[in-house]
Amino acid sequence: MPLRNLREMPWIGESPVTDLANTVLVGAGPAGEEVDLLADPQLLASWRDKAVDRQLANLPVDQLQELREPVRLALDAGARQIPLPGPARTRLNTLAAQAPVTFQVDDAGHLTECEAGGPVAAAVARQALVLAAGPDQARLRRCPAPSCGMFFLARRRDQAWCSIGCGNRARAARRSGQRVG
């Protein structure tokens with residue numbers, strides 16, 4: 001992944017769950033290693049600026065890292081449409097129990113779900129469970145392009161990559177004989 005994109009982080013800012021999960025770039029380092037946005041002070045500062053949820057962005061790094069692990073495991077399982085791993089499911093269930101949800105009926109008679117407070121880690125855990133095992137699970141994907149591995153919600157049934165750039169990189173890698181996905 002180009003250094004410019006790494007600093008600009010165009011994939012951050014869609015949802016708190018994917019913002020946190022996508023702080024690990026698979027194979028994006030100079031020698032093909034993972035790049036951890038939370039481990040580099042400059043990348044962390046950039047991520048904090050771009051993250052959609054200000055409370056999440058302001059959590060201490062150790063809390064972000066602790067929350068990220070079960071979130072990534074849950075999203076990975078959801079993207080592969082397999083059951084969530086027990087320890088990640090237990091951790092997220094425990095956290096999510098601290099994020100109350102209420103239901104309200106609006107003037108038009110439509111039922112809406114409203115978050116009723118709680119710690120940001122609890123809200124993110126609940127959102128991760130909903131994404132990994134709820135109605136959008138079929139749209140949850142993990143980008144197979146070289147140096148990506150981002151989680152995303154497909155906008156089309158046949159969408160394989162998180163972005164046009166990743167699709168181009170994957171096709172170029174395939175033409176040159178590199179392993180894709």
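Determine whether GLY118 is among the small types (Gly, Ala, Ser), farther than 25 Å from TRP11 by Cα and buried (at least 16 other Cβ atoms within 10 Å of the Cβ). So GLY118 passes the test.
Restricting attention to the stretch 87-102, the residues that are crowded, with 19+ Cβ neighbours inside 10 Å and in contact with a strand residue (DSSP E or B) (Cβ under 8 Å, 6 or more places away or on another chain) add up to 1.
One residue stands out in the stretch 1-19 among those that are assigned to a loop (DSSP other than H, G, I, E, B) and modelled with pLDDT under 80: the one that is nearest to ARG169 (Cα to Cα), namely MET1. I need the full set of residues from the stretch 8-52 which are closer than 21 Å to VAL124 by Cβ, in contact with a strand residue (DSSP E or B) (Cβ under 6 Å, 6 or more places away or on another chain) and of a type in the set (A, V, I, L, M), in order please. The answer is ALA21, VAL24, LEU25. Of all the listed residues (GLN127, GLN159, GLN98, GLN104), the sole one being over 21 Å from the mean Cα position of the chain (by Cα) and either on the phi < 0 side of the Ramachandran plot or in contact (Cβ under 8 Å) with a residue 40 or more places away in the chain (or both) is GLN104.
Within the stretch 31-55, residues that are within 21 Å of CYS148 (Cβ to Cβ) sit with their Cβ atoms under 6 Å from residues that are among the small types (Gly, Ala, Ser), at 6+ positions apart or across chains, in these pairs: VAL35/ALA28; VAL35/GLY29; LYS50/GLY13; ALA51/ALA57; VAL52/GLY13.
Just one of the listed residues (ALA97, ALA28, ALA88, ALA77) is modelled with pLDDT under 95, in contact with a Leu (Cβ under 8 Å, 6 or more places away or on another chain) and not charged (D, E, K, R), and it is ALA28.
Being farther than 30 Å from ARG156 by Cβ and in a loop (DSSP other than H, G, I, E, B) is a property that does not hold for GLN42. At pLDDT 90 or above, open to solvent by less than 20 Å² (accessible area, probe 1.4 Å) and among the β-branched types (Val, Ile, Thr): is that true of VAL105 in this structure? When the stated conditions are applied, VAL105 does not pass them. With respect to the conditions (1) among the hydroxyl-bearing types (Ser, Thr, Tyr); (2) within 20 Å of ARG89 (Cα to Cα); (3) over 11 Å from the mean Cα position of the chain (by Cα), SER46 lacks only one, and its number is (2). Filtered by the rule that a residue be of a type in the set (A, V, I, L, M) and out of contact with any Asp or Glu (no Cβ under 9 Å at 6 or more places or on another chain), the stretch 45-56 gives a lone residue, ALA45. Against the list (1) within 21 Å of GLN137 (Cβ to Cβ); (2) open to solvent by 30 Å² or more (accessible area, probe 1.4 Å); (3) in contact (Cβ under 8 Å) with a residue 40 or more places away in the chain; (4) not basic (Lys, Arg), the condition LEU84 fails is (2).
The values are calculated or read from the model by the stated rules, or taken from the named source; none is laboratory data. Predicted model, so just to flag it, every value in this text is computed and none were measured. All Cβ positions, glycine included, derive from the backbone under ideal geometry; neighbour counts span all protein chains shown. Protein only, heavy atoms only, side chains kept; ligands, DNA and RNA dropped before computing areas. Shrake-Rupley method; radii C 1.70, N 1.55, O 1.52, S 1.80 Å.
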